[in-house]
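J.: Please see the structure below; I have some questions.
Coordinate-derived values only; no laboratory data. Note that this is a predicted model, so its numbers are computed, not measured. Here the Cβ positions follow ideal geometry from the backbone for every residue, glycine too, while neighbour counts run over all protein chains shown.
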Amino acid sequence: MANFSFMGLAALSKGLARKAFSASELLEDVIARQAVLEPRLNMFSHWDVTAARKSAAASDQRIMRGERIGMLDGIPTAIKDLIAAKDMPQRFGSRAVADTPVAADAPSVARLRAAGAVILGKSTTSEFGCKAVGDSPLTGITRNPWNIAKTPGGSSAGAAAMVAAGLVPYAIGTDGGGSVRIPAALCGLFGIKAQFGRVPVFPTSATPTLAHVGPLARNSADAAQVLAVMAGFDRRDPASVAGALPALGDSGRRLRIAWSPTLGFARVDPEVAAITQRAAATIATLNADVDLVTDVMDDPVDLWTAEFYAGVGTSLRQTVQDTPALLDAGVLAVLRDALAQDMQGYYEKVFARYAFREKMRAFFDHYDLLITPTLPVAAFDVGLDVPPGYEDRNIVSWVSFTYPFNLTGQPAASLPVGLTQAGLPVGLQIVAPSHAEGAIFDLAARYEAAQEGADPRPAI
């Protein structure tokens with residue numbers, strides 16, 4: 001049997017199209033490798049071999065008839081357990097939710113199926129997406145392929161781990177405060193949340209003004225292909241974006257870029273700071289003007305915390321009151337704080353959020369992009385909710401760089417830019433103005449081209 005480890009989406013798609021191998025052969029290889037990797041990494045909350053084999057066989061039939069749908073047809077992937085997938089349970093990483101199959105796909109999943117994607121199952125998440133690390137009371141600890149003693153980040157933990165381990169070329173996560181970008185950074189992947197509403201969300205999220213669905217992949221071109229399939233208007237999502245995706249790829253134009261090592265408030269590990277500084281210097285050689293901007297904003301963590309945890313807390317109020325022992329202890333603490341908010345205090349933060357959004361809109365009158373570290377640290381030990389030295393922050397606020405751009409809804413991505421001395425990945429965050437995902441893919445394509453030949457892989 002062939003081994004398809006670490007093959008990208010484009011290479012796998014080309015091989016299927018020219019019948020070098022079949023979708024069923026590819027799937028059987030993935031099944032064999034999953035059996036070896038899963039006990040070490042804990043990537044899946046649900047695994048459905050029967051349905052996957054049926055999908056792969058259907059792809060093979062289309063290929064033999066010369067009717068292959070597109071680049072995703074016949075290629076395996078998985079869906080984060082915060083997203084509805086028909087006939088699979090949606091447990092949100094929580095013991096408080098029944099193991100009952102759902103009746104319909106979310107729009108993103110339905111579009112992947114229509115494109116011929118072979119869905120393996122559901123990937124692990126921290127409970128209700130509430131932590132930036134990869135564990136939950138339901139599924140236990142998900143581990144980082146670069147070092148299994150370290151967290152892959154969260155909450156899209158299993159999605160990142162399976163792509164980083166070379167099991168699949170892409171997987172689908174969600175991002176309400178960084179939950180695609182955080183594990184992308186810690187696992188050496190490209191991950192993007194597009195413009196808010198670009199990928200429609202339904203059923204309604206517990207954090208309906210913050211939540212995005214997005215891909216994690218080994219490079220930006222693969223992520224762009226997946227995003228293009230999932231994007232598009234859906235009447236069930238009132239925030240759904242009707243316009244077409246911008247052109248994705250190197251535009252050739254000179255870019256105006258702001259580089260902010262701290263945004264004005266973050267504490268960054270010196271090694272992460274040095275690696276991202278080198279990446280910014282490289283970007284300055286890629287037909288771009290890069291300005292150092294030290295003070296971009298004050299920390300908007302209180303605005304984000306009030307919105308995110310109030311939404312999740314309201315949806316879980318009965319569980320918080322009646323059966324709190326079912327919940328992750330760290331999650332329970334922040335949910336109780338959020339539910340204690342008074343109405344006036346909450347709405348003061350809502351209007352402060354609108355003011356913050358306008359401040360960032362005006363900032364991008366002067367720049368095509370903002371680049372920052374994606375995270376202040378590299379991966380740290382499993383079992384911790386926050387990294388050492390950040391005990392004054394809560395279970396998500398330690399990430400510092402990601403949650404501000406859920407408040408604004410702007411497109412933002414994490415691009416891998418190097419490894420620490422300990423061999424752990426570091427990500428650079430790329431933030432674009434509203435509805436300007438094309439600028440992110442433009443810069444990512446340039447940076448990746450400049451690193452041609454570099455393809456670091458974990459020794460998993």
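J.: Can you tell me the convex hull volume per residue for segment 116-218, based on C-alpha atoms, in Å³ to the nearest whole number?
T.: Taking only Cα atoms, segment 116-218 has a hull volume of 100 Å³ per residue.
J.: What shape does the chain take by its C-alpha gyration tensor, where a ≥ b ≥ c are the square roots of the eigenvalues and a/c under 1.5 counts as rounded, a/b above b/c as prolate, and the rest as oblate?
T.: Taking the square roots of the gyration eigenvalues as a ≥ b ≥ c, the chain is rounded.
J.: Related question: Would you compute, from DSSP H runs of 4+ residues alone, the mean residue ellipticity of the chain at 222 nm, taking -39500 (n - 2.57) per run and dividing by the full residue count, rounded to the nearest 500?
T.: -11000 deg cm²/dmol
J.: Taking the dipole about the Cα centre of the chain, with the C-beta of Lys and Arg at +1 and of Asp and Glu at -1, give me whichever of A104, V320, S13 is farthest to the positive side.
T.: S13
J.: Put a dot 7 Å past each Cα toward the Cβ at A333 and R62; how far apart are the dots in nm?
T.: Inter-label distance under the simple model: 4.8 nm.
J.: What order do you get for 195-202, 414-421, 322-329 when each peptide is scored by the mean count of other beta carbon atoms within 10 Å, highest first? Walk me through the intermediate numbers first.
T.: On the way: 195-202: 23.1, 414-421: 21.6, 322-329: 14.8.
Per-residue mean Cβ counts within 10 Å order the peptides as 195-202, 414-421, 322-329.
J.: Using a 10 Å cut-off around each Cβ, can you sort D298, D368 from fewest to most neighbouring Cβ atoms?
T.: Final ranking by Cβ density, sparse to dense: D298, D368.
J.: Within a Cβ distance under 13 Å of I440, other residues only, what is the Lys/Arg minus Asp/Glu net charge?
T.: -1
J.: Report the label-to-label distance for A103 and D87 in nanometres (one decimal), using points 7 Å from each Cα along the Cα→Cβ vector.
T.: 1.7 nm
J.: Of I172, I63, I69, how do they rank once you tally other Cβ atoms within 10 Å and put the fewest first?
T.: I69, I63, I172
J.: For segment 36-183, just run the numbers: alpha carbon Rg, then divide by 2.2 N^0.38 Å, N being how many residues it has.
T.: 1.02
J.: Using the per-residue mean of other Cβ atoms lying within 10 Å as a proxy for protection, in what order, highest first, do the peptides 377-386, 134-143 fall?
T.: Ranked from most to least packed, the peptides come out as 134-143, 377-386.
J.: Considering amide H positions built from the backbone, and no H for Pro or chain starts, which residues 5 or more places from H46, or on another chain, come under 5 Å of its amide H?
T.: K122
J.: Could you line up E358, E38 from fewest to most neighbouring Cβ atoms inside 10 Å?
T.: Ordered from fewest to most neighbouring Cβ atoms within 10 Å, E358, E38 come out as E358, E38.
J.: Here's another thing I want to ask about it. Compute the FRET efficiency between R256 and D322 as 1/(1 + (r/R0)^6), taking r as their Cβ-Cβ distance and R0 = 56 Å, and round to the nearest 0.05.
T.: On the way: r = 54 Å, r/R0 = 0.96.
For R0 = 56 Å, the calculated efficiency reads 0.55.
J.: Pull out a ≥ b ≥ c, the square roots of the eigenvalues of the alpha-carbon gyration tensor of segment 1-121, then state rounded if a/c is under 1.5, prolate if not and a/b is larger than b/c, and oblate in the remaining case.
T.: Because a/c hits 1.5 or more and a/b fails to exceed b/c, segment 1-121 counts as oblate.
J.: With only Lys, Arg, Asp and Glu charged, each at its Cβ (+1 for the first two, -1 for the last two), find how big the charge dipole of the chain is about the Cα centre; round to the nearest 20 debye.
T.: In total the dipole reaches around 1140 debye.
J.: Quick one: compute the contact order of the chain, relative version, from alpha carbon pairs under 8 angstrom and 6+ residues apart, as a percent.
T.: RCO, the chain: 17 percent.
J.: How far, in nm, would the chain grow between A450 and Y346 when pulled straight, counting 0.36 nm per residue and subtracting the alpha carbon separation?
T.: 32.8 nm
J.: Where Lys and Arg each count +1 and Asp and Glu each count -1, what net charge lies around L415 among other residues with Cβ under 11 Å from its Cβ?
T.: Around L415, the charge tally is +1.
J.: Among DSSP bridges having both ends in the chain, what percentage is antiparallel? Round to the nearest 5. Let's see the in-between values first.
T.: On the way: 30 of 44 bridges.
If I count the DSSP bridges inside the chain, around 70 percent turn out antiparallel.
J.: While we're looking at this one, here's another question. Would you work out if segment 186-336 is rounded, prolate or oblate? Take a ≥ b ≥ c from the square roots of the eigenvalues of the alpha-carbon gyration tensor; rounded if a/c is under 1.5, else prolate when a/b is larger than b/c, oblate otherwise. All intermediate terms of the calculation are to be shown ahead of the outcome.
T.: Numbers: a/c = 2.30, a/b = 1.37, b/c = 1.67.
In terms of gyration-tensor shape, oblate.
J.: How far, in nm, would the chain grow between A242 and A32 when pulled straight, counting 0.36 nm per residue and subtracting the alpha carbon separation?
T.: Roughly 71.5 nm would be gained on extension.
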